[in-house]
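A.B. asks: The structure is given below, and queries will be raised subsequently.
The values are calculated or read from the model by the stated rules, or taken from the named source; none is laboratory data. A quick note: this is a predicted structure, and the numbers were derived from the prediction, not measured. Neighbour counts run over all protein chains shown; Cβ positions are idealised from the backbone, glycine included.
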């Protein structure tokens with residue numbers, strides 16, 4: 001994977017880094033923790049302009065996020081509720097609570113969500129479902145993405161040959177986020193199963 005990423009950036013330069021980040025939004029297995037610091041390292045060795053790397057990777061983030069926003073907008077609330085209604089242990093009231101939460105905290109979720117692995121891609125879908133105004137979505141996504149990308153591109157730039165240290169720490173961060181998400185889902189399922197069991201016994 002690292003070799004393929006490196007060869008694409010060598011062939012296309014900064015636009016290649018932007019393309020990879022756009023694809024990373026759509027296919028999260030592509031590791032931004034490798035792409036971004038590697039782009040910084042390429043800038044340090046003179047193979048890529050640093051400012052161009054920052055601009056193109058941020059543009060790639062925004063393009064990928066817009067694509068997922070479009071998926072959410074096409075899906076829409078009615079389809080989301082219909083799909084959720086068919087899922088075991090999920091209630092329509094859960095969707096309504098999520099909508100209410102997004103209505104209160106959507107701007108913060110989009111901005112800070114761009115800095116959380118896994119959710120940095122997914123957060124664009126509820127923004128599309130809720131039809132967050134596109135200018136606001138673009139502004140928040142651009143700012144959040146620029147901050148995230150700048151940190152890791154500059155880290156790769158400053159660390160030089162040791163750029164892989166960035167990937168190591170971000171990988172740990174990603175695993176912690178994933179573990180917390182899995183535990184939250186398991187807790188949700190456990191509570192629902194317990195309530196369902198209690199209701200059946202009372203009935």
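A.B. asks: Within segment 14-53, how many residues are surrounded by 20 or more Cβ atoms within 10 Å (Cβ to Cβ) and farther than 20 Å from residue 121 by Cβ?
C.D. replies: Residues flagged as surrounded by 20 or more Cβ atoms within 10 Å (Cβ to Cβ) and farther than 20 Å from residue 121 by Cβ within segment 14-53 amount to 7.
A.B. asks: Let me ask something else. Where residues in segment 98-118 are more than 17 Å from residue 66 (Cβ to Cβ) and under 12 Å from the mean Cα position of the chain (by Cα), which of them is modelled with the lowest pLDDT?
C.D. replies: So, considering only residues that are more than 17 Å from residue 66 (Cβ to Cβ) and under 12 Å from the mean Cα position of the chain (by Cα), the one modelled with the lowest pLDDT is 118.
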